[in-house]
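What follows is calculated from the coordinates using simple rules that are stated; it is not laboratory data. Keep in mind it's a predicted model, so treat the numbers as computed, not measured. Heads up, the Cβs are rebuilt from the backbone with ideal geometry, glycines too, and the neighbour counts pull from every protein chain shown.
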Amino acid sequence: MKSITAISRRISFRPYCYLSPSIATSAVGMLVLLLPQVLMLLLTGSFNSAFIVSLTVLAAILADLIHSFFSPHFERSWCVALVQGIIIGLLLPSTYSPVAAFIITFCTLMLSKYAFGGFSSAWVNPAAITVAVAYFLDMTAFSIFQLDSSLLQTRNAALSLIQEGAVKVNSFDAAVTAFLNKSVFSIFSLAIPEGYVSLFWDTCSIIPAFRFNFITIVSSIVLISLDIIDWVIPTCFVFTYATLVRLVGPLVTGGLALQGDMLLALLTSGTLFSTLYVIQWYGTTPLTPGGKCIYGVIAGLLAFLIIGIGNSAVGYIFVVLAMNILSPIIQAAENRAVQATLKKSLMPRLDALKEVDNV
């Protein structure tokens with residue numbers, strides 16, 4: 001009797017369970033981890049950027065609400081709309097017109113729902129296409145600091161950038177650097193110079209998504225560990241892109257052989273942020289591990305061709321849009337591969353069952 005009671009306590013009226021977090025849960029997780037980025041804008045006095053984010057969020061919600069009114073079967077998700085709005089706002093420069101940001105976000109999201117399909121069938125990242133439209137309408141707003149060609153030829157271009165004052169060194173940098181060198185890097189007989197902590201903490205870029213790399217790294221660990229985002233595409237992308245920057249980058253810039261600055265590439269172009277929140281938006285990526293690996297490797301190759309060794313304002317956006325075009329081809333190839341595998345493994349069993357039935 002006791003065993004029956006114990007079993008009955010484990011019985012659930014829910015017939016299904018998720019193998020991975022649902023879209024609603026994933027959106028909530030992303031929203032929670034995007035909020036510190038917005039909070040940092042307020043804490044650092046970047047009120048214009050915070051205002052732009054608030055307007056793009058409002059535009060995303062309004063577009064979602066109007067679309068749901070005219071499309072009765074459309075399943076509205078406030079969290080997804082909030083995430084889209086925040087991502088768009090963070091990818092726009094602080095110098096961009098707030099009114100223009102609102103209008104562009106609203107109109108582009110509305111049009112993308114009809115031109116590229118609804119949420120479940122969209123094949124183009126709505127945030128990426130919105131930022132691309134904003135860029136073409138006002139390219140001057142996306143001008144970030146330019147790197148001198150001689151600077152790119154040095155082994156540690158990021159350090160030279162810090163020493164020239166392009167990146168603001170925070171007051172706590174020296175103390176944190178000394179602590180890390182003494183407690184962590186001394187084990188490997190290494191030491192990092194002052195300034196790299198500030199580069200990770202806040203690059204002071206006019207584009208908010210490029211600034212808080214430390215928060216982005218912590219967020220990526222949380223999102224991947226909770227299985228909210230997949231780890232295959234980001235890993236393949238970062239490995240491919242960083243390797244090309246390290247090995248091939250010096251051949252392009254005339255620098256030291258095999259000494260390309262990977263930190264400069266990863267920390268100055270919104271690479272980490274976009275890899276985490278933009279490149280693998282729902283419905284735009286392959287599903288199989290092999291397809292994801294191919295997707296990540298091709299994206300890394302395109303990133304090197306488009307972004308180069310870093311310091312690009314919108315290069316990653318065009319990498320995403322290019323991959324949105326290539327993704328259906330990759331998905332078609334992986335579907336054929338899956339069908340061939342199933343046919344190869346199932347057909348012998350079906351033939352065996354037919355023989356048994358005939359007997």
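Using 1/(1 + (r/R0)^6) with R0 = 51 angstrom and r between the beta carbons of THR95 and CYS293, what's the FRET efficiency to the nearest 0.05?
0.85
So if R0 is 35 Å, what FRET efficiency would ILE306 and SER186 give, r being the distance between their Cβ atoms, rounded to the nearest 0.05?
The calculated FRET efficiency here is 0.35.
Given labels modelled 7 Å from the Cα in the Cβ direction, how far is it in nm from THR243 to PHE51?
Label-label distance for THR243 and PHE51, simple model: 4.7 nm.
Once both labels are modelled 7 Å past Cα along the beta-carbon direction, what's the ALA332-SER143 spacing in nm?
So the label points at ALA332 and SER143 sit 4.3 nm apart.
Could you work out how much longer the chain between ALA24 and ASP227 gets when fully extended? Use 0.36 nm per residue separation minus the Cα distance between them, nm to one decimal.
Extra length from ALA24 to ASP227 when fully extended: 71.7 nm.
What order do you get for 201-207, 274-280 when each peptide is scored by the mean count of other beta carbon atoms within 10 Å, highest first?
Put in order of decreasing packing, that is 274-280, 201-207.
Where the convex hull is taken over the Cα atoms of region 194-239, what is its projected area averaged over directions, in nm²?
3.9
Take the Cα pairs of region 263-343, get the Kirkwood Rh, then feed it into Stokes-Einstein at 4 °C and 1.567 mPa s and tell me D in µm²/s.
For these conditions, the coefficient is 98 µm²/s.
Compute the projected area of the convex hull of the Cα atoms of region 54-109, averaged over all viewing directions, and report it in nm² to one decimal place.
For the Cα atoms of region 54-109, the hull's average projected area reads 3.5 nm².
Suppose the chain between CYS204 and VAL133 were pulled fully straight at 0.36 nm per residue; how much longer would it get relative to their current alpha carbon spacing?
The CYS204-VAL133 span can extend by a further 23.2 nm.
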